[in-house]
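Comments concern the structure below.
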Amino acid sequence: MGREIFSARLGRFRELLVREDLDAFLVAVPENRYYLSGYKAGDLALIESSGYLLITADRQFLLTDFRYQEEAKTEAPDFELLIYTEGLGQTLPEVFVSLGTRRLGFEKDYLTVKRCQDVEEALASARPAAGMVPSEDLAQELRVIKDAVEIEQIRKSLQLTESVLETVWTDLRVGQREMDVAWEIEKGIRQGGAESVSFPPIVASGPNAALPHAVPGDRAIRDGEAVILDLGSRMDQYCSDMTRTWVAGRPERRLAEIYRIVREAQLAAQDAIRPGEDSVAVDGVARGVIEKAGYGDLFGHGLGHGVGLAVHEKPGLRKRQPTVLQAGMVVTVEPGIYIPGFGGVRLENMVCVTERGCEVLNRLDLFYDL
Ligand code: ZN
Ligand code: ZN
């Protein structure tokens, strides 16, 4: 990717700083760091940061430690590099003085209390009258609308996920253990050129399929059961996420029934997605289909979520937090019905909101006509 894309994003980010009356912003979320600078390093844990961006109206810094120095230089050449040896608090006072920082924004959902205190101390020592402003995630506000290049990258990530699922699907048999199927998925995703899975794959058979986030174990698939397969790749930074439900042999009546309802809910929601539509209303369309069939209580999660640099990002499609859908948003459509002790069905597609409606990004069908 050329550097222009990052400078264009920085320009839009700076407009948000003006809107929020901030003269500087500390970016700590790894996906936001990449989005604005091209710096790819991730964080091993919330308390193990590989760096921060500090962005003002006309300057941009990347603060990190020795381990990431070379990577930072290469990946974010138009950022001023500041290397700290004893933590972020060490380099900041000098920078705050030279910038004359007044109101410093930060991502309030992400920065730990400890880090916040470090920055606050640095700011207080350098600029006693200045303040830290807990802010919404301004970069994510930009990330919700994907440009053509990003959509292409998401497509590639999904394409790989689908090719892996197709192989695993063809080989699925009664007697296979969930954890072995999950490993085949992980292996296929890495061998296919992704840097990682976008989340640990879910392979949930029989009664385990009633747990939306089941962890694959040593349970073997039995005849007549449903197996939920939920998987995704992270390829060139961009994530994919999809689910299909496989049925071993002939499903019993109740399983076939919930399968049909979930598929009907998914198709109805996909039909409802268009620019200007409200996210809560789209969730309501799928929920309405499932409620009408009498399974409303057994669809306990939201209909979908945004996917991009993070596998779960804004906008959410759920009962609360309405968002007006806009062209360029990429979201999942994943209704499910979960019957405790019995099993469950979930079907998940990724769609991109277009000028007129939405495009289903999935190419692989793998749906049953039960
Ligand atoms: Zn999923
Ligand atoms: Zn999902």
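Scaling against 2.2 N^0.38 Å puts the C-alpha radius of gyration of segment 261-333 at 1.04. For the options ASP236, ASP78, ASP171, a Gaussian network treatment of the chain with springs between C-alpha atoms closer than 10 Å singles out ASP171 as fluctuating the most.
The calculated FRET efficiency for the pair ARG190 and ALA124, based on their C-beta separation and a Förster distance of 51 Å, comes to about 0.65.
Provide Rg over Rh for segment 148-360; use the alpha carbon set for both Rg and the Kirkwood Rh (inverse mean inverse pair distance).
Values: Rg = 16.5 Å, Rh = 17.2 Å.
A ratio of 0.96.
P(r) tail for the chain, what percent of Cα pairs lie past 35 Å? Result: 33 percent of Cα pairs exceed 35 Å.
Per residue, the chain reaches -11500 deg cm²/dmol at 222 nm when only DSSP H runs of four or more residues are counted, each adding -39500 (n - 2.57).
What order do you get for 110-121, 146-157, 224-235 when each peptide is scored by the mean count of other beta carbon atoms within 10 Å, highest first? It would help to have the intermediate numbers written out before the result.
Working: 110-121: 15.4, 146-157: 17.6, 224-235: 24.8.
The most tightly packed comes first, giving 224-235, 146-157, 110-121.
Which of rounded, prolate or oblate describes segment 164-221 when judged by the alpha-carbon gyration tensor and an a/c cut-off of 1.5? Since a/c reaches 1.5 but b/c is at least a/b, the shape of segment 164-221 is classed as oblate. Overall form of segment 95-177: prolate. Here a/c, set by the Cα gyration tensor axes a ≥ b ≥ c, is 1.5 or more, and a/b is the larger of a/b and b/c. Post the alpha-carbon centroid distance, segment 312-370 to segment 38-92, in whole angstrom. Each part reduced to its Cα centre gives a spacing of 36 Å. Taking a ≥ b ≥ c as the square roots of the Cα gyration tensor eigenvalues, with a/c under 1.5 meaning rounded and otherwise prolate when a/b beats b/c, else oblate, which class fits segment 319-370? Verdict is oblate for segment 319-370.
Highest mean packing comes first when the peptides 98-104, 302-308 are listed by Cβ atoms within 10 Å, giving 302-308, 98-104.
Other residues whose C-beta falls under 9 angstrom from the C-beta of LEU142 contribute a net charge of +2, scoring Lys and Arg +1 and Asp and Glu -1. Counting only residues at least eight positions apart within a chain, or on another chain, the lysines with an alpha carbon under 21 Å from that of LYS73 are LYS40. May I ask you to list the residues of segment 67-100 whose amide nitrogen lies under 18 Å from a point 7 Å from Cα along the Cα→beta-carbon direction of ASP58? What the label zone holds, given the 18 Å backbone N cut-off, is 79-80, 95-100. Model label points for GLU15 and ASP147, set 7 angstrom from Cα along the Cα-to-Cβ axis, are 1.3 nm apart.
Given just the C-alpha atoms of segment 1-139, how large is their convex hull per residue in cubic angstrom?
Working: hull volume 13.1 nm³, N = 139.
For segment 1-139, the hull spanned by Cα atoms encloses 95 Å³ per residue.
Along the axis of the charge dipole computed for the chain (Cβ charges of +1 for Lys and Arg, -1 for Asp and Glu, origin at the Cα centre), the listed residues SER205, PHE342, LEU17 are led at the positive end by PHE342.
We did not get these values from a lab; they are worked out from the coordinates using the rules stated. Treat the numbers as computed from the prediction; the structure is a model and nothing was measured. Because the Cβ atoms are built from the backbone with ideal geometry, glycine has one as well, and the counts that use them run over all protein chains shown.
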